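> What follows is a single structure, and I will ask about it in a moment.
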């Protein structure tokens with residue numbers, strides 16, 4: 001079993017939802033934080049998890065942010081099972097970005 005720390009980044013070019021990370025079919029993941037950077041203005045950011053086994057999306061975090069500011073919109077760990085994904089969307093594409101920090105837990109040996 002391998003534990004791999006990863007980052008996923010959000011630099012939107014659309015106000016539609018953008019998938020940042022999808023758990024592999026042989027792994028689970030723990031999202032530690034979703035750090036949003038707003039360089040100015042007011043924006044609303046929404047994070048959704050898509051449960052692949054139910055083919056349903058759920059809002060797991062939502063924030064109205066006035067900038068300039070940096071905040072973590074994940075108020076606790078978010079667990080992704082095999083093939084689940086997490087996406088972000090914002091009401092604006094300028095002066096906003098995000099970093100997702102996660103631990104991916106694979107059922108396969110990293111050495112082969």
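The values are calculated or read from the model by the stated rules, or taken from the named source; none is laboratory data. No experiment lies behind these values; they were computed from the predicted model shown. Reconstructed Cβ throughout: ideal geometry from the backbone, glycine too, with neighbour counts over all protein chains shown.
> Here is a check on your reading of the model: is residue 55 more than 15 Å from the chain's Cα centre (by Cα) and without any contact (Cβ under 8 Å) to a residue 12 or more places away in the chain?
Here the answer is yes, as residue 55 does meet what is asked.
> Output the number of residues of the stretch 88-108 satisfying the condition of being part of a strand (DSSP E or B) and under 24 Å from residue 30 (Cβ atoms).
Adding up the residues that qualify gives 13.
> So which of 36, 78, 31, 86 ends up being within 14 Å of the chain's Cα centre (by Cα) and free of Cβ contacts under 8 Å to residues at least 60 places away in the same chain?
Only one candidate qualifies: 78.
> If I ask for residues that are modelled with pLDDT under 95 and either surrounded by 14 or more Cβ atoms within 10 Å (Cβ to Cβ) or within 21 Å of residue 56 (Cα to Cα) (or both), which ones from the stretch 96-112 would you list?
Result: 106, single match.
> What strands (runs of 3 or more DSSP E), lying completely within the stretch 1-55, carry at least 3 residues that are at pLDDT 95 or above and farther than 20 Å from residue 83 by Cα?
It comes to 27-51.
> Please indicate, with yes or no, whether at least one residue in the stretch 67-74 is free of Cβ contacts under 8 Å to residues at least 24 places away in the same chain and either on the phi < 0 side of the Ramachandran plot or exposed (fewer than 14 other Cβ atoms within 10 Å of the Cβ) (or both).
For the stretch 67-74, residues free of Cβ contacts under 8 Å to residues at least 24 places away in the same chain and either on the phi < 0 side of the Ramachandran plot or exposed (fewer than 14 other Cβ atoms within 10 Å of the Cβ) (or both): absent.
> Kindly evaluate residue 17 against the criterion of being closer than 19 Å to residue 62 by Cα and touching a residue at least 40 places away in the same chain (Cβ under 8 Å).
For residue 17, the condition - closer than 19 Å to residue 62 by Cα and touching a residue at least 40 places away in the same chain (Cβ under 8 Å) - is met.
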